[in-house]
Structures are given as structure tokens and as C-alpha cells.
Amino acid sequence: MNIQAHSAGTAAGDRSGDDGICDARILIADDDPLCRQLVESVLRRRNFVNLEFAEGGVSALEQSRSFNPDLLLLDMQMPDMSGLDVCRHVRSDPNLADIPILVQTATFDRKKMGELFAGGASDFLSKPVNPSELIARVVVHLERWNSLRELRSYRERISRELEAARRMQFDLLPSSASLSEHAEKAGMRIASYNRPSSELGGDLWGMLPIDDGVLGFFLADFTGHGVNAALNTFRLHALIHEYKNLHHAPAALLSMLNERLVHLLPPGQFATFLYVVIDHRRGELRFASAGAPPAILVQSQSGRPRLCEGTGLPLGIEPGVKYQTHKRKFPQGSLLLLFSDGLPEYPDALGERIGEDGLLNVLNACHGGLAPHEVIDRLCAAAGITGQAALPDDTTVICLDRRIPELDDQSLPAADAKTQAPYRARRSAPRMDIKHGYRC
């Protein structure tokens, strides 16, 4: 066995100390003791000190599991197990699957080299070993290995932080207990569907108890997705609760929120916003819109759904905007649907969108016996949104239903007692189903 005697070069030697590479754990597996000594000598001259040795393939596998090397220098030809078999076993171990493996071989055969790389080798060194080539390849693969670990660590940290932020954002939504309590007082049932298009979203909705029997509901949709949009939802949530004295006045609340967001949001960022105040004693609702999709209102068991149009510039674009409060009757037997544009603009498998007219048609076909979460199910299904489908935009749907609590048997679809029983059961208190994105 012969090792060329010329120097490995100062450049490679200098690099070996960068980023803690000289502390890397290197396992040298070779059945030839002279070869192991010569490779060790080259590595130690370049300040690699954390070295271990294996005298064959079997011991290489055993020491790989105990030593947990950052790099494996592996001889191709060993009597008890070939280098190719060692590669395959190492790659099958989840703890070692990604470590760099440098194979040393005295023969160069294209077919064998193809099998070698297919078996998991990262690179190869020809024998007799050239010291400068050995150091250069070791340094390159260790640097890549360090970069890969740093990237994984970074991604794991970001994933944990995004999950924490996602939970915090979810906690901004009304709790099941709060929804149940206030819905019962107001003679309503409430269901919602809320799914971001990524880990974090720019949609936010909430319920604001104003007075006995008077509730406010808001739905905001910020431009963009991800972290920036999510941070904006936290800002808006804080602002909404800061101006509690304006919760009864939709237009005034929107004007104040707009003034604050104009100064808080960077150029190009804004939010559509719909705010509805429901007074169940008077049987009416008041609302104001800042560029939001119109709510859909059904005013009786047999009434046709219609859009509640409201104009207004989105929040955060221009100061001094004045918004208008609109009023509608909301008697017993009514239903109100609020939604972000992710619902009507979701492209189905054919690239088509259901649009607002399609939503009106689906609602028109929903009989009064359906629970609010069932209404949302039908709307999402008609739009093409399923539990597995990736969403191109954050999507929120809120169904406020005054029909079920006052429903009597005469208003149910014609059926026998067995068929009517499930409808009566739906009059029970609201429930929560996180798995499907609902707070019901």
C-alpha cells in the first residue's frame, strides 16, 4: 500500500479548523493496519483528533452505532463484509442515515461505482490515497454535514415556534364555553370553520359580548399569509378590545381601527373587515364593512338567502375613511353567514370557483333542520374544500343561526317520528370539534 508523500496544502489545512470541523468524530474502517495508520497520520497533521478505528465491516457497523461518527472513511474491500454492504446497513439506521461516507477503493469500475452510490456512498477516494485530496474531501463533506445539521436544528426550532404561534392564534378565537353561554342567551346556534393556508394565517374572527342579548361578531382577513399576516391579527385583536366603548357602533369602530392600522401597518398591507352587531331582543342586526365579502342573510325558514352588501375601503390603506352602518331585520328563524374570500374563491379540481352566487344557491337548498355546522359542511363541499385539500388562501366561515332553538315539528321536513328525532337532538348546546376546524 502506498500513500503519496506530497503535502495536503495549506488551504485545506486552514479550512479544517473552521466551524469546529477539527472536533468532528471520524471513524476509519480498514482491515489493513498500515492503511489505518497512514490515514490517521494525514488527518492528525490537519488537527483532526477525534478519531476511532474499525478493523473490518462488522466492527465498522458496531462502532458506528456506539461512536456515532460525523464521517465514515470506509475501505471497499474487507474480508468479513464489503464496503457496499456496510453502506447499506448504515443507511438503514435512522441515526446514521445521513452521515457522509467516503469509500476508499483501489479499483475504478463504472458499474461498481454506480452500485456504490446507489448503496449510500457519498463520495470515493482512489487508492493510493492522495493526502491533499483526502483532506479536501473530508473537509467538504464535514462542512456539508454541519450545514445540514444546522439547517435541521433551525427548521425544528422554527417549527416549534410556529406551532406555539399557531396555538396562540387559535386561542384568540372564541372559546367553546363562551360561545355556548352567549349563544344560548341570544337564542342562537353558532358554528365556525377556520383554516389557514399555512402554519399561520391572516384570518381572524371573534365574538364581542356587548350587553344582555346583544353580541358583536367580526371577521378580518389580512393580506398575505404566514408570520406577517399572523402578527397583524394579534395587533388587530388587541386594538378591537382596546376600543370596547365602540363595540356597539360598527361604523365608529371601523373608523377607529382604520386610523390605528394606517400607522401600524407597512405600505401594501391592509385588512378587509366585517363587523356585525346582533340584537336578538329587537330582532335586528347592524353591520359595517371595510372591503369584506358581503354577509349572506336568510330572514325566515322559507326565505331566500340574499347578500348584505356594504361598501368601504379596507382597513389600513388611507386615513380619514368614514364607514357606514347598515341595518337589517334578524327575527327568529333567521340565519346569517359570514365568510372570508377563501370560501367563494377556492378553485376546485377543474379550476372553477363557486363564487357568491354559488353560495346563495347552496344556502337556498339547505332546509331549516340543518345544524349550523352542517350548513358549513355543505358550503365547503360545494366549494370543493375537503379536510385534505391544500388551501391557497386562509378560509373562515361563521354561521349564526336563530332557526333551530325555536324550531317546532311543523316546520321540519315531512317525516315520521324517527326522522324528526335527529332534528330535535340538534337543539342541544353548541359543541366543539377541533379536528374539522370547527368551534361549534
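The values are calculated or read from the model by the stated rules, or taken from the named source; none is laboratory data. The structure displayed is predicted, hence computed values, not measured ones. FYI the Cβ positions are ideal-geometry reconstructions off the backbone, even for glycines, and counts take in every protein chain you see.
Some points to look at:
- Each residue in the range 21-34 was checked for being crowded, with 19+ Cβ neighbours inside 10 Å and part of a helix (DSSP H, G or I), and 1 pass.
- When residues of the range 270-299 are limited to those that are without any contact (Cβ under 8 Å) to a residue 60 or more places away in the chain and in contact with a Lys or Arg (Cβ under 8 Å, 6 or more places away or on another chain), the one surrounded by the most Cβ atoms within 10 Å (Cβ to Cβ): 287
- Selection of the range 222-234 for residues being within 14 Å of residue 203 (Cβ to Cβ) and in contact (Cβ under 8 Å) with a residue 24 or more places away in the chain yields 222, 223, 224, 225, 226, 228, 229, 230, 232, 233, 234.
- Any chance residue 404 is at pLDDT below 90 and buried (at least 19 other Cβ atoms within 10 Å of the Cβ): yes
- Enumeration of residues in the range 105-164 that are among the acidic types (Asp, Glu) and part of a helix (DSSP H, G or I): 115, 133, 143, 150, 156, 161, 163
- Total residues in the range 141-184 satisfying the condition of being buried (at least 16 other Cβ atoms within 10 Å of the Cβ) and more than 30 Å from residue 402 (Cβ to Cβ): the figure is 8.
- Taken over the range 347-367, the criterion of being of a type in the set (Gly, Ala, Ser) and at pLDDT 90 or above is satisfied by 355, 358, 365.
- For first residues located in the range 255-269 and outside any helix (DSSP H, G or I), partners that are small (Gly, Ala, Ser) and crowded, with 18+ Cβ neighbours inside 10 Å and lie 6+ apart or on another chain with Cβ distances below 9 Å form the pairs 265/271; 265/316; 269/229; 269/316.
- When the range 185-199 is filtered for residues that are surrounded by 21 or more Cβ atoms within 10 Å (Cβ to Cβ) and part of a loop (DSSP other than H, G, I, E, B), the ones remaining, listed by number, are 186, 188, 196.
- Qualifying residue in the range 392-399 (condition: within 30 Å of the chain's Cα centre (by Cα), at pLDDT below 90 and of a type in the set (A, V, I, L, M, F, W, C)): no
- Meets criteria (within 19 Å of residue 192 (Cα to Cα) and either loosely packed, with under 15 Cβ neighbours inside 10 Å or among the β-branched types (Val, Ile, Thr) (or both)) for residue 227: no
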